[in-house]
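The numbers here are math on the coordinates, done by the rules we state, and not lab data. Since the model is a prediction, treat every value here as computed from it, not as a measurement. No Cβ is skipped: glycine too gets one built from the backbone with ideal geometry, and neighbour counts run over all protein chains shown.
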Amino acid sequence: MSLLGMLDGGPGAVCSASGCAASAAHAIHWRNPRIHGEDRVKTWAACDDHRESLAAWLRSRAFPVAVTPFGETVERVA
């Protein structure tokens with residue numbers, strides 16, 4: 001599966017948590033502000049069980065985070 005297929009919610013989109021094979025239900029959009037501008041957005045897939053833990057891990061490093069339903073994109077993460 002390609003990254004673009006995953007972002008479109010295509011079949012095979014799975015959670016980004018280590019060892020998890022559950023289907024992605026959420027997209028966690030983030031960036032590292034020390035090295036990327038606001039227009040650079042990285043995206044992790046998350047199942048219902050890992051949505052909060054993945055987002056919390058990123059926030060604990062002071063990374064801006066936005067969570068959306070899987071398949072939705074964002075232009076910026078402030």
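Restricting to DSSP loop positions (anything but H, G, I, E, B) with no more than 15 other Cβ atoms inside 10 Å of their own Cβ, which GluC sites (Glu not before Pro) remain in the range 38-78?
Qualifying residues, ordered by number: Glu38, Glu72, Glu75.
Go through the range 31-63 and name the trypsin sites (Lys or Arg not before Pro) that are in a DSSP coil and have 15 or fewer other Cβ atoms within 10 Å of their Cβ.
Passing both the DSSP loop test and the Cβ count: Arg34, Arg40, Arg61.
Here the contact order of the range 3-69, divided by its residue count and restricted to Cα pairs under 8 Å and six or more residues apart, works out to 34 percent.
Just need log10 I(q)/I(0) for the range 3-69 at q = 0.13, 0.25, 0.28 Å⁻¹, Debye formula, equal scatterers on the alpha-carbon atoms, no solvent, rounded to two decimals. Treating every Cα as an identical point scatterer, log10 I(q)/I(0) equals -0.34, -1.08, -1.22.
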